[in-house]
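Working notes, structure below.
The values are calculated or read from the model by the stated rules, or taken from the named source; none is laboratory data. In this text, all values refer to a predicted model and were calculated from it rather than measured experimentally. Backbone-built Cβ (ideal geometry, glycine too); neighbour counts: all protein chains shown. All accessible areas refer to the heavy atoms of the entire protein, side chains included, with ligands and DNA or RNA removed. Shrake-Rupley method; radii C 1.70, N 1.55, O 1.52, S 1.80 Å.
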Amino acid sequence: MAYETLLIDIEDQIGTITLNRPDALNAFNNQLMTELTQALDAFEADDDIGCIIITGSSKAFAAGADIKEMQELDYMSAYQDNFITRNWERVTRCRKPVIAAVAGYALGGGCELAMMCDFIICAENAKFGQPEINLGVMPGAGGTQRLTRFVGKSKAMEMCLTGRMMTAEEAERSGLVSRVVPLDTLMDEAKKAARAITLKSRPIVMLTKESVNAAYETMLLQGVTFERRLFHSMFSTEDQKEGMEAFIEKRDPHFKNR
Ligand code: CO8
């Protein structure tokens, strides 16, 4: 499928989506969000893909929702068209792991999209922020909720209320990103992580992702109970038998994704 606002690459079971509206620093207009949803649907349906990477350019992961498109929006059309949720949360429903590889600006909806991914690896030049307050609005795609869970109330509140940006170093220190790497190695590092994931058992990866998300999306007690159920269920898979057998026999496992 041909996209106008995305570049698509599939290699080594890794599907990479590059946001590609360079003139607008990858700001999310309706077309980009629709195409992102279509690309994720296609990757999710493709059995050859075990992990997905979303990235942007070296200058901007994404500078947020397209302000020029949003400017004239009124309340009733925002509500009736279900603006934001219509396409925005597709990445959160992805069952395959999704890595955000962030360089440059990840602002507003750009920061929110990165936080919807399973983890963020960023370049040293990355800048994260929720500057919506400068535009007379607030984050609308989960920013007040997800940022608070990532970095805690004090820092999230300061960022959302002042609109200030966070450097890559601060983002790593406060738990927003898993790792900071030099800009020229960003995609190599993201692909290395993705490759490591694709070599694991696919169902075990999906169950693990579900379980980590439960820690993040539910209370601890529910999360731990949920985790235990999933853990028990893994003993019905052939891959668990193979994985443990291979360890004991001191060889690499040959997972069959069953
Ligand atoms: N929307 C539309 N166009 C943009 C956006 C944007 N968010 N960001 C940058 N652009 C455009 C600029 O207008 C400019 O276009 P032109 O050349 O035609 O004037 C081009 O990209 C380059 O931008 P700058 O000249 O401003 O580049 P600088 O390097 O000087 O500055 C910044 C880079 C600091 C990133 C600056 O562009 C900026 O502040 N951008 C806006 C960031 C922002 O406020 N983001 C939040 C948007 S609101 C939001 O995301 C709400 C999400 C809620 C859910 C979303 C629902 C859809």
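How big, in percent, is the set of alpha carbon pairs in the stretch 175-258 lying more than 14 Å apart?
So the pairs more than 14 Å apart make up 72 percent of the total in the stretch 175-258.
Let me check I've understood the local charge: for Phe247, count other residues with C-beta under 13 angstrom from its C-beta, Lys and Arg +1, Asp and Glu -1. What total comes out? Write down the numbers at each step before the final one.
Details: positive: Lys241, Lys250, Arg251; negative: Asp239, Glu242, Glu245, Glu249, Asp252.
Here the charged neighbours net out to -2.
With all protein chains present, how much of the accessible area of the stretch 81-199 (probe radius 1.4 Å) comes from carbon and sulfur, to the nearest whole percent?
54 percent
Can you tell me the accessible area per residue over the stretch 150-255, all protein chains present, probe 1.4 angstrom, in square angstrom? Intermediate results must be reported in sequence, preceding the final value.
Working: 6760 Å² over 106 residues.
That works out to 64 Å² for each residue.
Excluding Ser178 itself, what net charge comes from residues whose Cβ is under 11 Å from its Cβ, given Lys and Arg +1 and Asp and Glu -1?
Working: positive: Arg179; negative: Asp118, Glu172, Glu189.
Neighbourhood net charge equals -2.
Taking a quarter of the surface of the Cα convex hull of the stretch 7-86, what do you get in nm²? Mind dumping the intermediate values first?
Numbers: hull surface 23.5 nm².
Computing the convex hull of the Cα atoms and averaging its projections yields 5.9 nm².
In the Gaussian network model of the chain, springs joining C-alpha atoms below 10 Å, which of Gly175, Gly143, Gly56 carries the largest mean-square fluctuation?
Gly175
Loop only per DSSP, at most 14 neighbouring Cβ atoms within 10 Å: give me the trypsin sites (Lys or Arg not before Pro) in the stretch 73-121, ordered by residue number.
Values: sites: Arg86, Arg90, Arg93, Arg95; in loops: Arg95.
Counting only loop positions with at most 14 other Cβ atoms within 10 Å, the trypsin sites (Lys or Arg not before Pro) in the stretch 73-121 are Arg95.
Defining a contact as two alpha carbons under 8 Å apart and six or more residues distant in sequence, what relative contact order in percent does the chain show?
Details: 447 pairs, mean separation 39.9, N = 258.
Result for the chain is 15 percent.
Say the cut-off is 26 Å between C-alpha atoms; which of Lys192/Lys250; Lys59/Lys192; Lys127/Lys191; Lys68/Lys209 go over it? Before the final figure, lay out each step's value.
Values: Lys192/Lys250 23 Å; Lys59/Lys192 22 Å; Lys127/Lys191 21 Å; Lys68/Lys209 36 Å.
As for pairs spanning more than 26 Å Cα to Cα, those are Lys68/Lys209.
In bins 5 Å wide, starting from 0, what share of all Cα pairs of the chain does each bin hold, as a percent?
That works out to 1, 6, 12, 16, 18, 17, 13, 8, 5, 2, 1, 0, 0, in percent per bin.
Accessible area per residue of the stretch 56-104 at 1.4 Å probe, in Å²? Each step should come with its number before you reach the end.
Details: 2730 Å² over 49 residues.
Per-residue accessible area for the stretch 56-104 comes out at 56 Å².
In nm, to one decimal, how far is the modelled label at Arg149 from the one at Glu44, with both set 7 Å along Cα→Cβ?
1.8 nm
If you count only protein heavy atoms and use a 1.4 Å probe, how large is the accessible surface of Lys59, to the nearest 10 Å²?
Approximately 120 Å² for this residue.
Which ³J(HN,Hα) values in Hz, rounded to whole numbers, follow from the phi angles of the stretch 162-171 under the Karplus curve 6.51 cos²θ - 1.76 cosθ + 1.60, where θ = phi - 60° and Gly and Pro get x?
Karplus values, whole Hz, x for Gly and Pro: 9, x, 6, 8, 10, 6, 4, 4, 5, 5.
Under 1.5 on a/c is rounded, so check that first for the stretch 170-215, then, if it is not, pick prolate when a/b is larger than b/c and oblate when it is not; a ≥ b ≥ c are the square roots of the alpha carbon gyration tensor eigenvalues. Provide the component values of the computation, followed by the final result.
Numbers: a/c = 5.05, a/b = 1.34, b/c = 3.78.
Oblate.
Using helices alone, what [θ] at 222 nm do you get for the chain, with -39,500 (n - 2.57) per DSSP H run of 4 or more residues, divided over all residues and rounded to the nearest 500? Mind showing how you got there, number by number?
On the way: 12 runs with 117 residues, N = 258.
The helix-only estimate for the chain comes to -13000 deg cm²/dmol at 222 nm.
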